[in-house]
1. Which stretch or stretches of region 1-37 have amide N atoms under 11 Å from the point lying 7 Å from Q47's Cα along the Cα→Cβ direction?
2. Give a residue-ordered list of calculated ³J(HN,Hα) values for region 22-36 (Karplus: 6.51 cos²θ - 1.76 cosθ + 1.60, θ = phi - 60°; whole Hz; x for Gly, Pro).
3. Starting from the amide H of N9, placed 1.01 Å from N in the peptide plane, find each other amide H under 5 Å away whose residue is 5 or more places distant or on another chain.
4. How big is the gap, in Å, between the Cα center of region 89-168 and the Cα center of region 1-60?
5. Would you pull out the residues with amide H under 5 Å of S76's amide H, same chain only if 5 or more places away, H placed 1.01 Å from N?
6. Once phi is turned into ³J(HN,Hα) by the Karplus curve 6.51 cos²θ - 1.76 cosθ + 1.60 with θ = phi - 60°, what whole-Hz value does each residue of region 182-189 show in order, with x for glycine and proline?
7. Suppose every Lys and Arg Cβ carries +1 and every Asp and Glu Cβ carries -1, with no other charges. What dipole size does the chain come out with about its Cα centre, to the nearest 20 debye?
8. Any idea what % of Cα-Cα pairs in region 88-172 are farther than 21 Å?
Amino acid sequence: MILELDCGNSFIKWRVIDRPGRAPLLGGVVDSDDELVAGLRSAGLLQLVSCRLVSVRSDAETAALVGRLESAFAVSVQCAMPMQELAGVRNGYGDYSRLGLDRWLALVGAYQLCGGACVVLDLGTAVTSDFVSPDGLHLGGFICPGVPLMRNQLRTHTRRIRYDDAAAQEAALSLDPGSSTVEAVERGCALMLRGFVLTQLEMARGYWGADFTIYLTGGDAPLVREILPQACHVSDLVFVGLAAACPLS
Ligand SMILES: Nc1ncnc2c1ncn2[C@@H]1O[C@H](COP(=O)(O)OP(=O)(O)O)[C@@H](O)[C@H]1O
Ligand SMILES: CC(C)(COP(=O)(O)O)[C@@H](O)C(=O)NCCC(=O)O
Ligand SMILES: [K+]
C-alpha cells in the first residue's frame, strides 16, 4: 500500500492507494502530525510499502513529519522537490524553486488530465490560480487570501466586527447587501472570491477564447462551484501531479 500526503498550511490531506492509478482505499483530512499518525495507526496501516508527500510547510516541519512517519511505519518517504520541467510542463517562475509545490503539482496534474490550456484554481488557506498554455508552458498565476483568512483578518484588525460561526453560516445563504455586520462581512468576502474567480475566467478567455479547461481544487472549492459550472472539480489534483513528481521505483 502506498501512502500519499498533501501538507497544506491548514490541513494534511492523506490517502492510501494499493497501486498507482487506482481509486484510493482510504483517506482523510487532519490538522496535525499527531492526528495523522493516530489516524493511520487506527486504520491499521501496517504494510505500507512506500510513501510520497508534498509540503508547503517549513523545511523543519516537513522533516519532522517525515521522521515520524519513517519511525512509526518503517517506510521511506519521498518528498516532491521543485522542478523546472515535469511531464511536459515548464515552470513559469523566474526562480522555479519559489513556486509553491502544491501549485506546481496541481498544474502539472491538470495538464496531464486535459493535455491543453488550463487554469487551476486552488481554494485552500490561500486562493491561487495558475495558467498553463496549450503547449505546457506555465504562464504564472496569482495568490490571494482564502475566505477564512479574509474573514479572520477583519475580525482581528477591527474592534467592532465580532460574530460567531453559526451566524456566519446563516449569513452566507444569500448575497444581498448585508443588513447586519455578519451579513456584510460574510457576503463581502464571498463576493471578493467570486470577483477573483471570474477575473481568472476572463483572463483565460483573453488568452485562449473558449479553448481551455478550468480545474477547481482545495477544501473551499465548493464555494465557487455554482459560478463555475463548466469547471472540473478534482479534489485530488495535487495527488495526480505528485504521482508524476515521485514515481515509485
Ligand atoms: N472537511 C474539511 N476539513 C478541513 N477543511 C475543510 C473541510 N471542508 C472544507 N474545508 C475548508 O477547506 C479549507 C482548507 O482547504 P485546504 O485545501 O485543505 O487548505 P490547505 O491546503 O491550505 O491546508 C478550510 O479553509 C475550510 O474552510
Ligand atoms: C501560495 C501557498 C501559500 C498556497 O498554500 P495553501 O493555501 O495550499 O496552503 C503555497 O503554495 C506557497 O507557500 N507558495 C510559495 C509562494 C509562491 O507560490 O509563489
Ligand atoms: K491553495
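Taken together, the values in this text are just the output of simple stated rules run on the coordinates, not laboratory data. Owing to the predicted nature of the structure, the values given are computational and were not obtained by experimental measurement. Cβ sites come from the backbone with ideal geometry, for glycine too, and all protein chains shown count toward neighbours.
1. 1
2. Going residue by residue, I get 8, 5, x, 7, 8, x, x, 10, 10, 10, 7, 4, 4, 5, 5 Hz, with x marking Gly and Pro.
3. Excluding prolines and chain starts, which carry no amide H, the hits are T125.
4. 22 Å
5. Close amide H contacts, sequence-distant or interchain: C51.
6. Using θ = phi - 60°, the values come out as 4, 5, 4, 6, 4, 6, x, 5 Hz.
7. Using Cβ point charges on Lys, Arg, Asp and Glu, the chain gives about 100 debye.
8. Above the 21 Å cut-off, region 88-172 has 44 percent of its Cα pairs.
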